[in-house]
Amino acid sequence: MKCHANRAARSAIHGRSVAAASLSLCVALTLSACSSSDREDGTADKSPTVTKSPTPSPQIGSKATAKAEAIAAYSAYWREMEKLYADPTGNSGDLEKYAASAALRNAKADAKSTHDRGLLNTGDVAITGQNVTQVDESGKIPHVTVSSCLDISRWRTVNAKTKKPVSLPKDRLTKYVIVSTVEKYPEGWHVTRDEPQGKSC
């Protein structure tokens, strides 16, 4: 604590430089971006063991219920992301309960990259303006598309040893639109893609 620009926001979220560390995700802070199963730097390919293979799920029932459950799962996903990124061991939280596929793989890889640089993300992420834009039951795995405003202004990047804040670019996006795919598995809803849109909200 999981993701987790189209590319610009992605660099602002989980950049490989210290200056952009708190904004990197798939998080997501693919923060992913957490949107791609194949990262440009190949980091995701080094973490195949966290990939969750979905199994066919029953129909999701009413669309109203699906929307509410998907939004709840997305909020829980970010609570677990907060725990993951705040722990230098990368063992805190239960991200696997709410994330799978590219979102899980990239969040794990990005958190590890942050910790390997001697950094942590502390504080909390705020999610507002959540809106379900699509409910799709046509495939084997029902899924919902959620658009949200992600506010990471209180999610600080700090030195793991001193706990002092790390300087970040003043022009970085701290509130931006993010579009996520949440799929229903037999064991519950999981975020599988998390895509920053590169625009403020």
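The values are calculated or read from the model by the stated rules, or taken from the named source; none is laboratory data. These numbers were taken from a predicted model, which means no experiment stands behind them. Cβ sites come from the backbone with ideal geometry, for glycine too, and all protein chains shown count toward neighbours. Side chains included, ligands, DNA and RNA excluded: accessible areas come from the protein's heavy atoms. Shrake-Rupley method; radii C 1.70, N 1.55, O 1.52, S 1.80 Å.
Tabulated values for the structure
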quantity: Hey, T181 in contact with a His (Cβ under 6 Å, 6 or more places away or on another chain) and at pLDDT 95 or above or not; calculated: yes
quantity: Count of the range 116-129 residues which are open to solvent by 30 Å² or more (accessible area, probe 1.4 Å) and either on the phi < 0 side of the Ramachandran plot or basic (K, R) (or both); calculated: 6
quantity: Some residue of the range 155-176 being within 16 Å of A73 (Cα to Cα) and open to solvent by 10 Å² or more (accessible area, probe 1.4 Å); calculated: no
quantity: Residue in the range 172-190 that is more than 17 Å from the chain's Cα centre (by Cα), part of a loop (DSSP other than H, G, I, E, B), among the β-branched types (V, I, T) and closer than 19 Å to D124 by Cβ present; calculated: no
quantity: Residue selected from the range 89-147 under the condition of a type in the set (D, E, K, R) and under 16 Å from the mean Cα position of the chain (by Cα), by the criterion farthest from S75 (Cα to Cα); calculated: K112
quantity: Count of the range 138-153 residues which are open to solvent by 10 Å² or more (accessible area, probe 1.4 Å) and touching a Ser or Thr at 6+ places or on another chain (Cβ under 9 Å); calculated: 8
quantity: Matching residues, the range 95-115, being surrounded by 24 or more Cβ atoms within 10 Å (Cβ to Cβ) and not hydrophobic (A, V, I, L, M, F, W, C); calculated: Y98, R105, N106, K108, D110, T114
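Here's the yes/no breakdown for (1) out of contact with any Lys or Arg (no Cβ under 8 Å at 6 or more places or on another chain); (2) modelled with pLDDT of 95 or more:
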site	(1), (2)
S47	no, no
K52	yes, no
T55	yes, no
L84	no, yes
K97	yes, yes
K112	yes, yes
R117	yes, yes
E137	yes, no
